[in-house]
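Below is one structure; the comments refer to it alone.
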Amino acid sequence: MKRLLHLILILMFLFSSCGKPNKEKNSEKQTKEELEVQLKTEQPTAEKLLSNANTFFSNKKFEESKKEIRILLNKYPASNEVYEAKTLLDKADVELDKIKKEEEKTIEEQKKKNKILIEQAIKKMRIKVDKLEDITWYHDKTSPQYTNYNGFFIYIGDRGYNYPTLRLRIQYKDSKWLFIQKYIIYVDGLKYKTIETEYGDVQRDNGSGGVWEWIDIPFNNDSQATVNDFDIIRAIIDGKDVKLKLIGKQYSKVKTITQTQKNALKNVLDVYKALKGEKY
């Protein structure tokens, strides 16, 4: 009796083991069939692709329309929708060509505007060409030509084949030395910029009973900076009361940025923008 019971248990185990793989195989087979049906269902028909292409075309999305048409022509080259698809493809190409021509026209018009801007702005400039260094310098006509004059101005250096550069120049002329160590710009009572100097930054000279000190530095156009030099100059141009404090070794002086100097700053920025726009 015990042997018989033991035999029955073995047979039951064997039958259950044999049944598992069959169930798993059937399950796998069912999953594959479902996946194939799903893929067939998700495949867009030629009619659907053409409908998509027409919708994109109506919404002026011509590149997207062409993409749907290419898929249709590739997958269903013998379908009834091919003729209409090819006609729509030609229309999309015509519309894209119109857009391209409009863009080219806009670019040309902008170039013409920039050329006019350059001509108008340059009339206000004093131009000096350095043939040896292959560079053209642009100064506003009201800015001092010589170092022994007080001045606060910017000017442009343009090599013609690269981006034009801007420089800031501050000139101090008096009967007594300041030995300037720092410059501070105030716009309508707010401290906008402090220019710290190092040894050799400030140049000095004297003659005919007068002394003069000046600094000539490149423009800081760091777009990541909280406030760059373009922001400072624009604030000066728009400011009602702009002061420049020159701090020396023992003494300091405060000078007012005049309206003439503000106008000169704007004129130079206009030329800079025009030159940069013309080339780039």
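The values are calculated or read from the model by the stated rules, or taken from the named source; none is laboratory data. If you're wondering where the values come from, they're calculated on a predicted model, not measured in any experiment. Please note: Cβ atoms are built from the backbone with ideal geometry, for glycine as well, and neighbour counts cover all protein chains shown.
What strands (runs of 3 or more DSSP E) completely inside region 123-196 contain at least 2 residues that are touching a residue at least 60 places away in the same chain (Cβ under 8 Å)?
Details: elements: 125-130, 135-140, 151-158, 165-174, 182-187, 190-196.
Output list reads 135-140, 151-158, 165-174, 182-187.
Among the residues of region 197-224, write down those that are more than 21 Å from residue 146 (Cβ to Cβ) and either touching a residue at least 12 places away in the same chain (Cβ under 8 Å) or in contact with a Ser or Thr (Cβ under 8 Å, 6 or more places away or on another chain) (or both).
Of all residues in region 197-224, those more than 21 Å from residue 146 (Cβ to Cβ) come to 197-200, 218-224.
The answer is 197, 218, 219, 221.
With respect to residue 240, determine if the residue is buried (at least 17 other Cβ atoms within 10 Å of the Cβ), of a type outside the set (S, T, N, Q) and not in a helix (DSSP H, G or I).
Numbers: buried (at least 17 other Cβ atoms within 10 Å of the Cβ): no; of a type outside the set (S, T, N, Q): yes; not in a helix (DSSP H, G or I): yes.
No.
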Residue 125: passes all of (1) more than 13 Å from residue 275 (Cβ to Cβ); (2) at pLDDT 90 or above but (1)
List pairs: first residue in region 82-107 and outside the structural domain of residue 51 (by TED's automatic domain parsing), second residue of a type outside the set (S, T, N, Q) anywhere in the structure, Cβ distance under 9 angstrom, at least six positions apart or on different chains.
none
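Can you tell me which of 192, 186, 155, 199 is assigned by TED's automatic domain parsing to the domain that holds residue 270, closer than 21 Å to residue 263 by Cα, among the hydroxyl-bearing types (Ser, Thr, Tyr) and more than 28 Å from the chain's Cα centre (by Cα)? Break it down into steps so the answer makes sense when it comes.
Details: 192 fails: more than 28 Å from the chain's Cα centre (by Cα); 155 fails: more than 28 Å from the chain's Cα centre (by Cα); 199 fails: closer than 21 Å to residue 263 by Cα.
The unique qualifying residue is 186.
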Tally, over region 65-95, of residues that are more than 16 Å from residue 55 (Cα to Cα) and either in a loop (DSSP other than H, G, I, E, B) or aromatic (Phe, Trp, Tyr) (or both):
6
Test of understanding: among 108, 36, 28, 42, which residue is at pLDDT 60 or above, out of contact with any strand residue (DSSP E or B) (no Cβ under 6 Å at 6 or more places or on another chain) and surrounded by 10 or more Cβ atoms within 10 Å (Cβ to Cβ)?
108
When residue 230 is evaluated against the numbered criteria (1) over 25 Å from residue 163 (Cα atoms); (2) surrounded by 11 or more Cβ atoms within 10 Å (Cβ to Cβ); (3) at pLDDT below 95, which criterion, by number, is the only one it fails?
(1)
Got at least one residue in region 166-175 being surrounded by 15 or more Cβ atoms within 10 Å (Cβ to Cβ) and over 16 Å from residue 218 (Cα atoms)?
yes
If we ask which residues in region 240-280 are within 12 Å of residue 192 (Cβ to Cβ) and in contact with a helix residue (DSSP H, G or I) (Cβ under 8 Å, 6 or more places away or on another chain), their number turns out to be 2
Does region 64-98 hold any residues that are more than 38 Å from the chain's Cα centre (by Cα), farther than 10 Å from residue 46 by Cα and of a type in the set (Asp, Glu), and which are they?
84
